[in-house]
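The values are calculated or read from the model by the stated rules, or taken from the named source; none is laboratory data. Values in this document were obtained by computation on a predicted structure and should not be read as measured data. Quick reminder, even Gly has a Cβ in these numbers, built from the backbone with ideal geometry, and neighbours come from all protein chains shown. Just so you know, the surface numbers come from the protein's heavy atoms only, side chains and all, with ligands and any DNA or RNA stripped out. Shrake-Rupley method; radii C 1.70, N 1.55, O 1.52, S 1.80 Å.
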Amino acid sequence: MPPSKLILLSPLQGWSAPLEETPDAVFSGRMMGDGVAIDPTGNMLHAPCDGTLIVVAASKHSVTIRADNGAEILLHVGIDTVGLAGAGFELHVHAGQRVKAGDRLISFDLDLLAQRAKSLVTPVLVTDSMGFSIARRSENCSLRVGEFLMEVLATAGVEAPAAAAPQQGVVERRVLVLLEHGIHARPAATLAAVAKKLAADVNIVFGDRKAKAKSPVALMSLGVRKGDHIVIQASGADAESAVAAVEQAIAGGRDLHADAASGAGTSNAAANGAAVSGLRAADAPHNVAGRAAGSALPPATGAGPSNRALKGVVASRGLGVGTAFQFSRAVIEVPEQGAGVPQETEALERAREAVRTDLERTVNSGNTTAREIAEAHLALIDDPELVDGARALIHKGKGPGYAWRAVLREGIEQLRALDDPRMAERADDLLDLETRVLSALSGTSTAGPVFPPETILIANELLPSQLVALDNTKLAGICLAAGGATSHVSIIAAAMDIPTMVATGPEALRVATGTTVVLDAEAGWLYIDPPRMHVELTRSQLAEKRQRRVIEQLAAQRECRTSDGTRIEVFANVGSEAEAHAAVQNGAEGSGLLRTEFLFLERTAPPDETEQLQQYQQIATALEGRPLTIRTLDIGGDKPIPYLPLPHEENPALGLRGVRTSLWRPDLLRIQLRAILRVRPIGQCRILLPMITDAGEISAVRTMIDELRREEGRADPIAVGAMIETPASAVMADRIAREADFLSVGTNDLTQYTLAMDRGHPELAARLDALHPAVLRLIATVVNAAKAHDRMVAVCGGLASDPVAVPVLIGLGVHELSMVPAVIPQLKALIATLNIDDCAALANMALERETAEAVRALTLQSVLGLDATGRARE
């Protein structure tokens, strides 16, 4: 038998305080367990006892030890330190490792944590308060490492957990997860909805973790990402069909806000172009200086517009000026003890029903973003693990509010501990749901705060329901101390066109209500009590932007030419009928790229010819006769589909991709080509082939097109273009131009293949710049090869949306740019100020630079009238 008594030694040097003094309700309310809080004066966390490390957080801020008597001890360095993503921490151990009392576990940077964390207070908890009790503890005293901290007693009969026996009669299937962002809120809700209908016990296994398929919270807590393999387990008479149904649900799931979230990323095009308005020198410090979202240069020493400025991450672009308004979420007090099981159970059911009714109202009447979030919350409100967990606590005598908060906080902590920012930010969904239900239980109003016009709202964090409840007509901007650029709040703020910054740190919470502030959600700065001249300049810029936006919107309807009359076609990249309408409204002269993957992804069978024709025709009609360039299916590598099982590849990015996949499955290609040929009017559409590497691939597709034309009785030819996305195709552009009617450079892939950097790699994303001279030289090679065969060259990648790049591309000889619809009016206005000879001279100089940074500085200085830091020259 394991020992019933456990002595825990102090893992830190510091001051030991009662757990109630922890500045976090999860710990102070003992929702995670009982223990003490230590305010550290040392920088090393040690093991408090002998045991095995069963959890080591990927963000390096916490560990859990299972002692020899079965007690599990959580040591959590600081409060809200998971958001630091490991910064300031160094691990000396790994999960599964056996440790002895006093062994080094984690070292940390006290100064960094003091600046960036909510608090340094470190809870030391016994997490299983039902199986163990604390007989005595050291509190309100100074401790050194290794001194007595707590005595833990085991309840009679508690033993160290034994390994689970293998299940009998279980059907298993191993599945590759292809969801773009893994199993997060929306796919988890979809999967749980399917599982609830099954007459079987279904579990999802990922590594050494297992979750019930009927629980969205449990599924999200697994931390499954795209590319991971999971195992579906089902038992019961219906096990086989249950496994198949769950597998289909996973294959057909849809990532919630995947596109919108990616819009808040760190691409150069987004940073330099998405919100650029005219690119005049007066705007440049806000619009051009930054290379990546949230990474603009800080004000120059001694020359900045304010003595106090906080750096943050841009979540929704724009400028705001006004007065600060500090907003904090009201703490809803809930009694721990209930007044009777039947009464409290009924109270919880009434509250859940009230919230459900409100969510259903949002689904039926809310905007698209709010509606999809409400749909995910609807699945969570009936999550069996949440509901059953709360009911179990009520049966133990707890109040409904206490029970609901306890079960949700457990899920919140699990999500925040995952090594995945997107998953961790989904904890906001649970926190939002907690607040909704507790408000319904207590009768607390969920109405938003009352604030004056031109308010910059400042808060530690904001929940989706709170943002929707705000009077956005009075909001000039939002600044959050915590949060992330891909959170639901960030997505909603962008949809509402509210300038928003997140992750500005706790210093933002010290800005007094009523203080004048300037929110620069272009470069990522909050200026506190800036000089009057700075405020007036920002107001002037905002007024000018509004006026110029109207003028540019009207001017964008004219065809685009440079100041000396050179024709530059400005097209739009689109992926739906709605985007085509938006493109036309913004002045697009056609579409240089229709991404057809939206028809093929996240479904269990490919679209037939009729469905494809209907979609293509709707988009063609929305463009009102303007050219439509339809790219054939670009699947494989980073965009696989479940009904097209590609052979196993060590490096999918270098395997069956683009046109290679289509030629591997010519049956799918023929259906797509036939649908394109049937779009009317004849002559509006062009065909674009992705990932071309040699002329033979174009010839093979042309042969197929000619056969289909004869079958359709169509005499008129259709233009066939080739995407240049690899160094090989750029070098061989002279041969490819013989077979293709036009060339289109996809700068996103061309850049990652040329620079040997994965564009999805978080550590390399900021360095992946398509203005690198190596990429520009390949584009120049393509243009020269195309000229020799009288072929047009377009750029349809992210570089075409980058205002700093546009003058260089035009100077290289690119006369068709296909960009995101939102930037078309601004970039048309920019192009109208350019001279073709000046652009050519600029391009020649850019080719001689050594780095992308040097090219950007050159363009800022030569064309936009700025110095190397992005400020207007004297």
Where does each of 91-102, 707-718, 348-359 land if you order them by average Cβ count within 10 Å, highest first? 348-359, 91-102, 707-718
Which ³J(HN,Hα) values in Hz, rounded to whole numbers, follow from the phi angles of region 539-551 under the Karplus curve 6.51 cos²θ - 1.76 cosθ + 1.60, where θ = phi - 60° and Gly and Pro get x? 4, 5, 5, 5, 5, 5, 4, 4, 5, 5, 4, 5, 5
Can you give the accessible area of residue 856 in Å² (nearest 10), computed on protein heavy atoms with a 1.4 Å probe? 10 Å²
Which ³J(HN,Hα) values in Hz, rounded to whole numbers, follow from the phi angles of region 811-826 under the Karplus curve 6.51 cos²θ - 1.76 cosθ + 1.60, where θ = phi - 60° and Gly and Pro get x? x, 6, x, 7, 10, 9, 10, 10, 10, 5, x, 4, 9, 4, x, 5
Excluding residues fewer than 8 places away in the same chain, name every one of the lysines whose C-alpha is closer than 18 Å to that of residue 196. 210, 212, 214
What do you get for chymotrypsin sites (Phe, Trp or Tyr not before Pro) in region 79-138 restricted to DSSP loop and a cutoff of at most 15 other Cβ within 10 Å of the site's Cβ? none
Checking rank on 73-79, 142-148, 382-388, with mean other Cβ inside 10 Å and highest first, the result is 73-79, 382-388, 142-148
Could you tell me the relative contact order of region 448-577? Use alpha-carbon pairs under 8 Å, at least six residues apart, and round to a whole percent. 16 percent
Charge context of residue 5, other residues only, Cβ under 13 angstrom, K/R +1, D/E -1: -1
Applying a 10 Å radius around every beta-carbon, put 460-470, 617-627 in order of their mean neighbour count, most first. 460-470, 617-627
